[in-house]
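Some notes on the structure that comes next.
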Amino acid sequence: MNKITDLIKTNASTKDVIEKTNSYCPWLWNHLHVTTNGQVFPCCLGGGEASPIGNINNESFDDIWTGPEFKKLRKAVLQDKKIPHCKTCYTKEQQSGFSLRHDAITKFHESAKDMVMTTQDDGTSPDAKPVYLDIRFSNICNMRCKMCGHYSSSKWFGDSEKLKEKGIYNYGTNSDTAIIKGIEDSDALLDRLEEYLPHMQEIYFAGGEPLFMEQHYKLLNKLIELKLTDIHIRYNSNLSIVKFKKTKIVDLWKHFSNVYCAGSIDTYGTRAENLRKDTVWSEIETHMALIHSETPHVIVGISPTIQILNAHSVCELNRQWVEKGWVRPDEMFWNILIDPKFYNVQNFPDHMKQEVAEIWLDHLNWLGVRPHKTVYKTIHTAIKWMNSVPCNENRLREMCYHTKILDQLRGEDTRCTFPELKYIWENYWPPRSEELRSSVLAQICKFFSLGPLR
Ligand code: SF4
């Protein structure tokens, strides 16, 4: 007896499915995510403490998709049992009432329900097909965003190695090369994927920076060759590149009818250049103007990572780009940062939470959007999330410590760039004695090979 198939038999609406289930997610039937080191998870949130379902470098794509690990997850989810891979969604639902699982049900439940209905009790699903792919071919990126690390950005490698010398391991990996190739033989993978391409509804490119990845261009060219240009092509891109070797991305996008590019842009001007290090703000705006004029059918949205550093200024970015006509008022979706925990907006002191919530709500008023719109939900969810736990002063101290270390490494002063965080800088910035203590501890840890300094 499976709770989910029973529910589907009642012709439940997607709203009912969201309200009456705890763990069911259609993505277990129609989607997979390959990380920058080749590991496979149900989706990009599906990592955390959970083990990967497989690795594309040692196992075939088909073996993973139909294999025992995927079956086990489908079996559990059919009974609406929670699985470790999806903990992030369960936590977000608990704290804010909304999660990516809800979004996945809204967008994909209708097309997945036949696959779900023919799934056997042991999780074997003969009809399950990946119609939505998220493959991160490598960690190649041209930026060193403060909240990122070498695992997702090759450009971070140098800084993470220098930080390891100081006993700080948060931003590093075990790899001794800057570029971590997720898929050893990406051409072979693209060949194997060809048989699935005609079923595909959506392909999502993220990174690293997808517009820097050769494989992304090969896949687009393959889709053009196969005349599969109505597949929904979706990106998260930092919008810092519009030409790769001799290919202008707008020339390829002109072939596709349905392209959505979510700009991973968190704030504007010098703040953006500090937060996503190596950003040149004037270039980002030039690229936005170019995309808008050459490919007006491409929808560009803003997909910022909401954290302490951009909480005050993210809405101003949205306002500027709405006024320039580059983004529609409802094309903003917030990714609420969870890690690194010290940048999480939940750490804000109460009076700053209130201040930030007022800015966000004022912006919603300015946008004039209705409650069913994504931007309305995204902002209200963020406020609920932010207020769901009390301020964490230790995390604020940790944030200031990391900010100071990065400033020293990069020759910056983040405190001047973000004056709106004056209260935090004044109350939690590490005094010199603390810095000395941390440095001595780091040297001791390094000497005795004790691992990360916490
Ligand atoms: S429940 Fe959440 S984490 Fe799990 S696959 Fe769905 S969207 Fe991803």
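Can you compute 3J(HN,Hα) from phi for each residue in the stretch 302-309, using the Karplus curve 6.51 cos²θ - 1.76 cosθ + 1.60 with θ = phi - 60°, rounded to whole Hz and x for Gly and Pro?
Listing the rounded values in order: 10, 10, x, 9, 7, 8, 4, 5 Hz.
Over 24 Å between Cα atoms, which of K113/K254; K9/K129; K87/K181; K181/K277 qualify?
The answer is K113/K254; K87/K181.
Label-point separation (nm) for C391 and S257, each offset 7 Å from Cα along Cα-to-Cβ?
Simple spin-label model gives 5.4 nm for this pair.
For a quick check: with amide H placed at 1.01 Å from N, whose amide H comes under 5 Å from H150's, ignoring anything fewer than 5 positions away on the same chain?
G172
State to the nearest 20 debye the size of the charge dipole of the chain about its Cα centre, where the only charges are +1 on K and R beta carbons and -1 on D and E beta carbons.
Dipole about the Cα centre, nearest 20: 580 debye.
Is the stretch 338-378 rounded, prolate or oblate when judged by the Cα gyration tensor, a ≥ b ≥ c being the square roots of its eigenvalues, rounded requiring a/c under 1.5 and prolate requiring a/b larger than b/c?
oblate
What residues of the stretch 5-43 lie in the reach of a label at D63, counting those whose backbone N is under 15 Å from a point 7 Å from the Cα along Cα→Cβ?
What the label zone holds, given the 15 Å backbone N cut-off, is 39-40.
Relative contact order for the chain: what percent, with Cα pairs under 8 Å and sequence separation of 6 or more?
12 percent
Hey, can you rank 71-77, 301-307 by average C-beta count inside 10 Å, highest first?
Descending mean neighbour count gives 301-307, 71-77.
Using only Cα atoms and rounding to the nearest 10 degrees, what angle (0 to 90) does helix 100-117 make with the longest principal axis of the chain?
20 degrees
Would you compute, from DSSP H runs of 4+ residues alone, the mean residue ellipticity of the chain at 222 nm, taking -39500 (n - 2.57) per run and dividing by the full residue count, rounded to the nearest 500?
Value at 222 nm, helices only: -13500 deg cm²/dmol.
Would you report the distance distribution of C-alpha pairs in the chain as whole percents per 20 angstrom bin, up to the bin with the largest distance?
23, 58, 19, 0
With r defined as the distance between the Cβ atoms of T118 and K422 and R0 fixed at 51 Å, what FRET efficiency is calculated, to the nearest 0.05?
For R0 = 51 Å, the calculated efficiency reads 0.30.
Calculate how steeply helix 314-323 sits against the longest principal axis of the alpha-carbon atoms of the chain, using the helix alpha-carbon long axis, and give the answer as 0 to 90 degrees to the nearest 10.
70 degrees
On a full-extension model of 0.36 nm per residue, what is the gain between E93 and D230, subtracting their alpha-carbon distance, rounded to one decimal in nm?
The E93-D230 span can extend by a further 46.0 nm.
Express the relative contact order of the stretch 1-141 as a whole percentage, based on alpha carbon pairs under 8 Å and six or more residues apart in sequence.
Over the stretch 1-141, the number comes to 38 percent.
So between R432 and E214, what do we pick up on full extension, going 0.36 nm a residue minus the alpha carbon distance?
Gain on stretching R432 to E214: 73.9 nm.
So what are the ³J(HN,Hα) numbers for the stretch 228-240, from phi and the Karplus equation (6.51, -1.76, 1.60; θ = phi - 60°), rounded to whole Hz, Gly and Pro as x?
Karplus-based 3J(HN,Hα) across the stretch 228-240 equals 9, 8, 9, 5, 6, 9, 10, 10, 10, 9, 7, 6, 8 Hz.
Extension gain N221-Q408, at 0.36 nm per residue separation less the Cα-Cα distance, in nm?
63.0 nm
When you count, for each residue, the other Cβ atoms within 10 Å and take the mean per peptide, how do 159-166, 26-33 rank with the highest first?
Averaged packing, sorted descending, gives the order 26-33, 159-166.
Nearest 10 degrees, 0 to 90: what angle lies between the long axis of helix 393-410 and the longest principal axis of the chain (Cα atoms)?
80 degrees
Would you mind telling me the antiparallel percentage of the DSSP bridges in the chain, rounded to 5?
30 percent
For the peptides 199-206, 116-123, what is the packing order when you average, over each peptide's residues, the other Cβ atoms within 10 Å and list the highest mean first?
Averaged packing, sorted descending, gives the order 199-206, 116-123.
Coordinate-derived values only; no laboratory data. Just so we're clear, the structure is a prediction, and the values are computed from it rather than from any experiment. Every residue, glycine as well, gets a Cβ built from its backbone with ideal geometry; the counts of neighbours run over all protein chains shown.
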